[in-house]
1. Only one of (1) outside any strand (DSSP E or B); (2) open to solvent by 10 Å² or more (accessible area, probe 1.4 Å); (3) touching a strand residue (DSSP E or B) at 6+ places or on another chain (Cβ under 7 Å) fails for ALA303. Which number is that?
2. Output the residues belonging to the range 224-244 that are closer than 18 Å to GLY157 by Cα and either in contact with a Ser or Thr (Cβ under 9 Å, 6 or more places away or on another chain) or basic (Lys, Arg) (or both).
3. For the range 212-224, enumerate the residues that are of a type in the set (D, E, K, R) and not in a strand (DSSP E or B).
4. Across the range 306-318, which residue is nearest to GLY349 (Cα to Cα) among those that are open to solvent by 10 Å² or more (accessible area, probe 1.4 Å) and either assigned to a strand (DSSP E or B) or of a type in the set (Lys, Arg) (or both)?
5. May I ask you to verify whether ASP340 is open to solvent by 10 Å² or more (accessible area, probe 1.4 Å) and more than 22 Å from the chain's Cα centre (by Cα)?
6. Whether any residue in the range 140-150 is modelled with pLDDT of 90 or more and of a type in the set (D, E, K, R) is what I want to check.
7. May I ask you to list the residues in the range 161-181 that are more than 15 Å from CYS248 (Cα to Cα) and polar (S, T, N, Q)?
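The values are calculated or read from the model by the stated rules, or taken from the named source; none is laboratory data. Fair warning: this is a prediction, and the values are worked out from it, not measured in the lab. Backbone-built Cβ (ideal geometry, glycine too); neighbour counts: all protein chains shown. Ligands, DNA and RNA are excluded from the accessible area calculation, which covers all protein heavy atoms including side chains. Shrake-Rupley method; radii C 1.70, N 1.55, O 1.52, S 1.80 Å.
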Amino acid sequence: MKRIITLVVFTVTAAICNAQVDPAKFGAKANGINDDTEALQLAIDYCIAMPQYSTQELILTGRYRITRTLKMGGYSIKAKDAFVSGTNIINQNLYDSKEYLKGARSAQLIIRGVGTTCIYADFESAELTPVISYQAAGDGRNTTSTLQWTASIENIGIYGRGCFNEAGLPLPRIAPNYKSNNQVAILAMYSMNLKLKNVYIRGFKEGIIINNCNFIFAENLKIDYCQRAGYEIQNHSGKFQNTTIWFCDKGFEVRSNQMIFDVYYAHSCGIGLHVAASNNLFNSIYLESSKTTESQLIIGDNAGDANAGSRTLSGIHFNMLTIVSMSPDNTPKEGIFWKDNARRMSINGGTIQNCTFKWANNLTKTRYEGVSGSLPAVISTKTDL
């Protein structure tokens with residue numbers, strides 16, 4: 001008799017700790033036509049109301065059309081507050097450690113797609129608005145919110161407005177009007193251990209914005225037709241692995257320390273990669289475009305740039321860096337733009353071809369410490385401005 005009772009108790013506990021939730025039970029149709037916002041939000045709220053020691057899985061199958069932000073946490077911050085400017089780049093966004101740790105011990109939420117699964121954000125907004133918002137306590141904006149989740153999104157496509165037709169099906173081979181689309185696919189702030197795996201993002205003004213989310217792990221991301229693929233700041237000790245970016249005005253803008261990018265590929269982007277923070281490692285980076293605007297690789301900031309920081313940059317390391325940078329008429333464009341506060345970078349192996357190496361206008365050789373390492377096999381053109 002004791003064995004039977006023990007087995008029942010164990011089974012109930014396991015069911016709570018490993019619950020899989022189907023949003024269809026909350027009314028979701030997943031046909032790409034009906035508005036599934038309310039059903040998905042109810043399913044999310046149900047998951048995060050579970051005991052803090054549990055790991056809830058929200059299982060998505062089909063096409064979910066939504067008309068407002070899905071909130072993962074106590075409240076949703078405005079996307080514009082995720083950015084910084086000028087002198088505030090170092091000092092703002094300090095958090096209350098007690099609230100931060102309280103949230104870190106809350107329940108985990110995994111959103112996992114099964115089969116062909118996507119979320120279609122069919123809404124307009126006067127200001128930049130997230131499709132999925134992870135917002136935790138700790139930044140002092142809302143003292144009553146203590147909800148913070150170890151987040152995971154897996155095997156899902158996220159599409160911006162204009163990517164689907166009226167029948168709820170994705171429009172094939174048509175470039176969405178992302179420049180006028182005031183949406184961001186994923187916004188995360190103060191959420192530790194954010195995990196993204198096999199996520200496809202298409203047709204947004206901002207693909208991903210991540211601020212103060214330490215210990216990120218992102219694997220197999222594909223982002224295309226976004227004004228900027230990724231903007232991440234103060235997310236120390238994180239890793240992006242197998243990131244592919246196509247047809248974006250700008251690839252990733254990196255403003256965190258101790259980040260690792262393994263296998264980063266940007267094709268047909270105006271700017272492939274912008275590194276504006278020290279002590280970061282980039283392994284196997286390939287930037288190729290015949291649509292280069294400013295430069296394929298930007299290191300640092302000039303004083304008047306948006307979000308420019310005042311600290312100098314060093315400890316930036318590239319292993320196998322390949323850059324092919326051209327303008328639409330196939331004339332060489334800038335491959336590397338070395339800006340005012342850039343100081344030291346190493347490049348070990350690779351190829352820099354059909355492009356130039358540009359110094360900022362007011363960067364003097366007395367302030368410039370240089371590029372070291374074995375260097376790429378080819379540097380076809382160099383201009384010192």
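1. It is condition (3) that ALA303 fails.
2. Those that are closer than 18 Å to GLY157 by Cα and either in contact with a Ser or Thr (Cβ under 9 Å, 6 or more places away or on another chain) or basic (Lys, Arg) (or both): ASP224, ARG228, ALA229, GLY230.
3. Within the range 212-224, none qualify.
4. Step by step, filter the range 306-318, then rank; the result is HIS317.
5. Working: open to solvent by 10 Å² or more (accessible area, probe 1.4 Å): yes; more than 22 Å from the chain's Cα centre (by Cα): yes.
The answer is yes for ASP340.
6. At the first step, the residues of the range 140-150 found to be modelled with pLDDT of 90 or more are none.
No, the range 140-150 contains no residue that is modelled with pLDDT of 90 or more and of a type in the set (D, E, K, R).
7. ASN165
For every residue, the table says whether it meets (1) open to solvent by 10 Å² or more (accessible area, probe 1.4 Å); (2) assigned to a loop (DSSP other than H, G, I, E, B); (3) more than 18 Å from ARG112 (Cα to Cα); (4) modelled with pLDDT of 90 or more.
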site	(1), (2), (3), (4)
ALA137	no, yes, yes, no
ILE158	no, no, no, yes
ALA167	yes, yes, yes, no
ILE174	yes, yes, yes, no
ASN193	yes, yes, no, no
ILE210	no, no, yes, yes
CYS226	no, no, yes, yes
GLU232	no, no, yes, yes
GLN241	yes, no, yes, yes
